[in-house]
1. Which one of these is surrounded by 15 or more Cβ atoms within 10 Å (Cβ to Cβ), of a type in the set (D, E) and touching a strand residue (DSSP E or B) at 6+ places or on another chain (Cβ under 6 Å): D248, D289, D298?
2. Scan the strands (runs of 3 or more DSSP E) fully inside the stretch 1-105 and keep the ones with 1 or more residues being surrounded by 15 or more Cβ atoms within 10 Å (Cβ to Cβ), among the hydroxyl-bearing types (S, T, Y) and on the phi < 0 side of the Ramachandran plot.
3. Considering only residues that are among the basic types (K, R), within 30 Å of P83 (Cβ to Cβ) and not in a helix (DSSP H, G or I), which ones fall in the stretch 148-172?
4. So, of the residues in the stretch 49-89 that are of a type in the set (D, E) and over 21 Å from G109 (Cβ atoms), which turns out to be nearest to the chain's Cα centre (by Cα)?
5. In the stretch 106-120, what residues are of a type in the set (V, I, T) and part of a helix (DSSP H, G or I)?
6. Output the number of the condition that S183 fails; it satisfies all remaining conditions of (1) assigned to a helix (DSSP H, G or I); (2) modelled with pLDDT of 90 or more; (3) over 30 Å from A107 (Cα atoms).
7. Name the pairs: first residue in the stretch 27-52 and farther than 11 Å from G6 by Cβ and aromatic (F, W, Y), second residue surrounded by fewer than 16 Cβ atoms within 10 Å (Cβ to Cβ) and at pLDDT below 95, Cβ to Cβ under 7 Å, at least 6 apart or on different chains?
8. Do you know which residues across the stretch 301-318 are under 18 Å from N17 (Cβ atoms) and buried (at least 16 other Cβ atoms within 10 Å of the Cβ)?
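The values are calculated or read from the model by the stated rules, or taken from the named source; none is laboratory data. None of the values given here were measured: they were computed from a predicted structure. In this analysis, Cβ positions are derived from the backbone assuming ideal geometry, glycine residues included, and neighbour counts consider all displayed protein chains.
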Amino acid sequence: MTSSAGRHIVVTGATGNVGTSVVKALAEDPGIGSITGLARRTPDWAPPKTQWAAADIGAGRTQLADLFAGADAVVHLAWAFQPTRDPARTWRTNVLGGIRVFEAVAAAGVPVLVHASSVGAYAPGPKDRPVDESWPTHGWPDAAYCREKAYLERALDIFERDHPEIRVVRMRPAFLFKRESASEQRRIFGGRLLPGPLARPELLHFLPDVPGLRVQALHTDDAAEAYRLAVATGVRGAFNLAADPPLDAGVLAERFGARPVRLPRTAARSAIAAAWGLHLLPASPHLFDAVLRLPLMDCTRAHEELGWRASRTSTEVLDEFLEGMREGAGAATEPMRGRKVG
């Protein structure tokens, strides 16, 4: 392991679900000397070793290279999920903003770039066996989130070719949840008016069993530990991050004491598309299509090269998240503010 004593780390998107956990993990690392957290709206939250700077990577007005000067690593987490109905706007932030970050890393001479990719970057894959990091990263082209994640994978391919002196790490986590992210994720995917108290397992007598709806989850703090290890060690390349077991109707029905009921894909998608069309649901049916096609990920490389393992099971993560939804949990940053509905 390479010594990280006194290192200065810059984190983009430092006030969101992943960013708050990554800043906390880095602040607790005795080898990290200082952290600069970048966000569009700087918070009152004051974690140890951390200073804040306002930056909007999508606007193109911030001189990112100046903010990155003297950094030992940049952890790039900034991402906009909304507005899903305006993909050109998310493209400006996520893709063009991401490329600005990469270019600024090179311009400032930062030796390490850790980038938040995603399981969403993967091309459609199997649900009955896990795939490793060599699986194609073409995404699902009809979903903006996957399209943007996959495009940045190609941008990083070129970046690594042109800047072999920079150590690049790509994290590809499963769906990330924690108690404090419940209000933010409810707003992003379920809508602002979705009542949190409905997230009660005892109210679920039946669970829809949709073919292909089998996904992986991970506690955000566990993902943050992988980011910390990526900064502290000399690893390069891509790493899958997920907890066991994969979540499907069978696992959830057993967990909640409910009965799985088979629901055709077309019926489930039609319901989501109708809610989307009526502006009752912010998550698009295109994202649902992508979720049905995401492969399961093999995390052997993260286990063996990073020395990383999830400390919580996916079902424990889900229990914590649902509790957070019921209670309107949040954190002391603008994206993570808590709000109880219903």
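1. Numbers: D248 fails: touching a strand residue (DSSP E or B) at 6+ places or on another chain (Cβ under 6 Å); D289 fails: touching a strand residue (DSSP E or B) at 6+ places or on another chain (Cβ under 6 Å).
Residue meeting the stated conditions: D298.
2. 7-12, 32-39, 50-54
3. Answer for the stretch 148-172, where residues must be among the basic types (K, R), within 30 Å of P83 (Cβ to Cβ) and not in a helix (DSSP H, G or I): R170, R172.
4. D56
5. So the first thing to find is which residues in the stretch 106-120 are of a type in the set (V, I, T), and the list is 110, 112, 114, 119.
Of everything in the stretch 106-120, just one residue is of a type in the set (V, I, T) and part of a helix (DSSP H, G or I), namely V119.
6. If we test S183 against (1) assigned to a helix (DSSP H, G or I); (2) modelled with pLDDT of 90 or more; (3) over 30 Å from A107 (Cα atoms), just (2) comes out false.
7. Once the first residue is farther than 11 Å from G6 by Cβ and aromatic (F, W, Y) and sits in the stretch 27-52, its partners that are surrounded by fewer than 16 Cβ atoms within 10 Å (Cβ to Cβ) and at pLDDT below 95 give W45/A332.
8. As a first pass, look at the stretch 301-318 and keep what is under 18 Å from N17 (Cβ atoms): 310-312, 314, 316-318.
Of everything in the stretch 301-318, those that are under 18 Å from N17 (Cβ atoms) and buried (at least 16 other Cβ atoms within 10 Å of the Cβ) turn out to be A310, R312, S314, V317, L318.
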